[in-house]
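Encoded as structure tokens, the structure appears first; notes follow it.
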Amino acid sequence: MQAMLKRLPYGSGKGKMIWKTVTAAAVMGFTFSLAAGTVQANEDEGGETRAGSYESIFYGTVGKTPRGNIGTWVVNKRDIAVTKETRIIEKHGKAAAGAYVEVEGRNTGKTFTAVKIEVKRSKRQ
């Protein structure tokens, strides 16, 4: 490739096109290598980033909710931390044991903190 670049002057049409292609490929390769090597970090409630945390969404049946809905919920036998900042959407039924819900939140180590819980289907009767 270098031999081709040396034979064609930079100002000529073909040489300029090859040089731009080589430069673009190098920049894209460098960008992709940086993206592949980064550690995922998310913002916490204070706007700071924490490495090792990630956001996820899952669906399941509520097993248990605390009084007042703030505290530890159990969804599909998984403990979910629900704070006063968690949005609970009850458009399709009450957020109670037996309801089928979508849980969106942040996993940090062994703790899953819900950002949003949306009832998809109320308790089956």
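Things worth noting here:
- Residue in segment 36-45 that is aliphatic (A, V, I, L, M), at pLDDT 55 or above and surrounded by 10 or more Cβ atoms within 10 Å (Cβ to Cβ) present: no
- Scope segment 95-105; condition of a type outside the set (Val, Ile, Thr) and within 16 Å of VAL74 (Cβ to Cβ); matching residues: ALA95, ALA96, ALA97, GLY98, ALA99, TYR100, GLU102, GLY105
- Residues that are under 13 Å from the mean Cα position of the chain (by Cα) and small (Gly, Ala, Ser), drawn from segment 90-113: GLY105
- Selection within segment 83-110 - loosely packed, with under 13 Cβ neighbours inside 10 Å and modelled with pLDDT under 90: GLY109, LYS110
- Test for GLY68: is it surrounded by 13 or more Cβ atoms within 10 Å (Cβ to Cβ), of a type in the set (Gly, Ala, Ser) and at pLDDT 90 or above: no
The values are calculated or read from the model by the stated rules, or taken from the named source; none is laboratory data. A quick note: this is a predicted structure, and the numbers were derived from the prediction, not measured. Positions of Cβ are generated from backbone atoms using ideal geometry, with glycine treated the same way; all protein chains shown enter the neighbour counts.
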